[in-house]
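None of the figures in this text is laboratory data; all of them are computed from the coordinates on show. Quick caveat, the model's predicted, so the values are computed rather than measured. As a convention, Cβ positions derive from the backbone with ideal geometry for all residues, glycine included, and neighbour counts pool all protein chains shown.
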2 protein chains.
Amino acid sequence: MEEKYISKAVIARLPRYYRYLGNLMDEHVERISSADLSKIMKVTSSQIRQDLNNFGGFGQQGYGYNVKYLYNEIGKILGLDQQYNMIILGAGNLGTALANYQHFANRGWNVIAVFDRDPGKHGGRVREGVEIYSLDDLEKYLDHNRIDIACLAIPASVAQKYATCMIRHGIKAIWNFAHTDLEVPEDVVVENVHLSESLMQLSYRMTHKNKNKDREKD
Amino acid sequence: MEEKYISKAVIARLPRYYRYLGNLMDEHVERISSADLSKIMKVTSSQIRQDLNNFGGFGQQGYGYNVKYLYNEIGKILGLDQQYNMIILGAGNLGTALANYQHFANRGWNVIAVFDRDPGKHGGRVREGVEIYSLDDLEKYLDHNRIDIACLAIPASVAQKYATCMIRHGIKAIWNFAHTDLEVPEDVVVENVHLSESLMQLSYRMTHKNKNKDREKD
């Protein structure tokens, strides 16, 4: 199981399976056929069978998938059976929103501190138990705490500076909301969330929707 | 120009070109070679030449690309030469963060109203000129205002209900932060930002980084 190679395309689809399986568990569904899963997820049964066959032959014809088993297996592949300590740089609206996502803690992503440059915020809390520290204390903090993920919710203009600083102090994973591409060593992973690029994709699809329709009609 | 077909893969890369060309304009760079652009964007020159050739033969050998021209052409393709009226559902930290992104207004996405269910927020402002209304007044508002994009920064449990309601009142584009897949008619475009799925991808890459390394060494 551990050794099996799973393609990138399947990996990219796993969070969505994980979400639907989690919803089914909330509804106390124990088993589900690929046909029923196909209906609620709006992908073909054959796609589902191919994807989930990566997790062993537990979807037997006429018997369906064991929801909890699959949920746990996918969770393990995604590393969600582990606990991660996360810090957030930036206690603005975005940083505060991220610190308050309830789902994150449930999945093992524990926000344990937030850093901001505004002295007025220092010593305050984004929520119960999560204090806001000065960015000046970041290096000292990293030297005394095991942090797995650093989230950048600070302006693009200072993102690289703080990323470099944190990497020097052992950070290996960055969740980057700053609208810039970070330069990092090979052993550091960065996941970008570029909100304005997402809006551009929406804008593109709005602009070209009618043109595409026209083309289809031709 | 208008009629030319541009592949999905190129479209997906355009926002990044747009960002780098915008930065170059800020630095008053008028022309740039594909070699130099390759260096700062960390993609191959040949990829850049192929991608940008979609916008006419304006990158002549030894002469480089006209930065402003390319920026404007890509902007047009992405629909950024137009103005869009946007509303945000949810005046929590995320909704407030989105309402306050300065870049959005610069690119023609104008947040003009925010809706929330909390009566304590009604009549308040997320920023100068952007009032918070009651979700109960949403339908009436949509009947009297031309809205191009609705952004959902509300819980997943109520997202579909409000999406359906807004579509009934003419909304054709939804920027969805609620962690659920919306069911919408064919002529409505939805762009999802599922933050926890992004974190799962990061978690996956952290978990499997060392394993991949080991495999490469074998």
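General remarks:
- Acute angle (nearest 10 degrees) that the helix A:195-217 long axis makes with the longest principal axis of chain A, alpha-carbon atoms: 30
- Working from the Cα coordinates of the stretch B:1-45, the gyration tensor eigenvalues give, after taking √(5λ), semi-axes of 21, 13, 10 Å in decreasing order.
- Amide H contacts of A:Tyr65 (H built 1.01 Å from N, under 5 Å, at least 5 apart or other chain): A:Ile32, A:Ser33, A:Ser34
- Distance between modelled label sites at A:Gln160 and B:Ser198, nm, 7 Å Cα→Cβ extension: 2.1
- In the stretch A:16-113, taking the dipole from charged Cβ atoms about the Cα centre, the farthest positive-side position among A:Met86, A:Tyr101, A:Ser45 is held by A:Ser45.
- Scanning chain B for trypsin sites (Lys or Arg not before Pro) in DSSP loops with at most 11 neighbouring Cβ atoms within 10 Å leaves B:43-145 as the longest stretch between them.
- GNM flexibility winner over chain A from A:His144, A:His208, A:His28 (Cα, springs under 10 Å): A:His208
- Entries in A:Lys39/A:Lys209; A:Lys209/B:Lys76; A:Lys8/B:Lys209 that, when Cα-Cα distance is taken, lie over 19 Å: A:Lys39/A:Lys209
- Long-range tail of P(r) for the stretch B:103-217 (Cα pairs > 18 Å, %): 61
- Distance-filtered residues of the stretch A:70-90 - backbone nitrogen under 16 Å, label point 7 angstrom along A:Arg117 Cα→Cβ: A:89-90
- Cα-centred dipole magnitude for the stretch B:71-218, charges only on beta-carbon of K, R (+1) and D, E (-1), debye, nearest 20: 540
- Take every pair of alpha-carbon atoms less than 8 Å apart whose residues are at least six positions apart; their mean separation over the length of chain B yields a relative contact order of 13 percent.
- For peptide A:94-102, the mean count of partner chain Cβ atoms within 10 Å of a residue's Cβ comes to 4.
- A run of chain B free of exposed loop cleavage sites, with GluC sites (Glu not before Pro) counted only in DSSP states other than H, G, I, E and B and at most 15 other beta carbons within 10 Å, reaches its longest extent at B:31-127.
- Shape of the stretch A:109-155, Cα gyration tensor, a/c cut at 1.5: rounded
- Extension reserve of the A:Lys68-A:Ile6 stretch, reckoned as 0.36 nm per residue once the Cα distance is removed: 20.3 nm
- A Cβ-based charge dipole, computed about the Cα centre of the protein assembly as shown with Lys and Arg at +1 and Asp and Glu at -1, lands at about 640 debye.
- Theoretical FRET efficiency, 1/(1+(r/R0)^6), r = Cβ-Cβ of B:Arg49 and B:Asp81, R0 25 Å, to 0.05: 0.50
- Scaled against 2.2 N^0.38 Å for its residue count N, the alpha carbon radius of gyration of chain A is 1.24.
- Karplus 3J(HN,Hα) series, Hz, for the stretch A:132-146 with 6.51 cos²θ - 1.76 cosθ + 1.60 (x for Gly, Pro): 9, 10, 6, 4, 5, 9, 4, 4, 4, 4, 5, 6, 10, 9, 7
- Fraction of antiparallel bridges per DSSP, the protein assembly as shown only, in percent to nearest 5: 20
- Rg over Rh for the stretch B:69-110 works out to 1.10, both radii taken from alpha-carbon positions and Rh defined as the Kirkwood radius.
- Rotation relating B and A, chain A residue nearest the axis via C-beta, angstrom: A:Asn93, 2
- For the segment B:188-196, counting C-beta atoms of other chains within 10 Å of every residue's C-beta and taking the mean gives 6.
- Across the protein assembly as shown, Cα-Cα pairs more than 41 Å apart make up 20 percent of the total.
- For B:Gln160, the point set 7 Å out from Cα toward Cβ sits 4.6 nm from its twins in the other copies, listed from shortest up.
- Considering only A:Asp137, A:Asp116, A:Asp26, the Gaussian network model of chain A with Cα springs below 10 Å gives its largest mean-square fluctuation to A:Asp26.
- Listed residue (A:Cys151, A:Val126, A:Ser198) projecting farthest to the positive dipole end of the protein assembly as shown, Cβ model: A:Ser198
- Against the main long axis of the alpha-carbon atoms of chain B, helix B:156-168 sits at an angle near 90°.
- Expressed to the nearest 5 percent, the antiparallel share of DSSP beta bridges inside the stretch B:71-218 is 10 percent.
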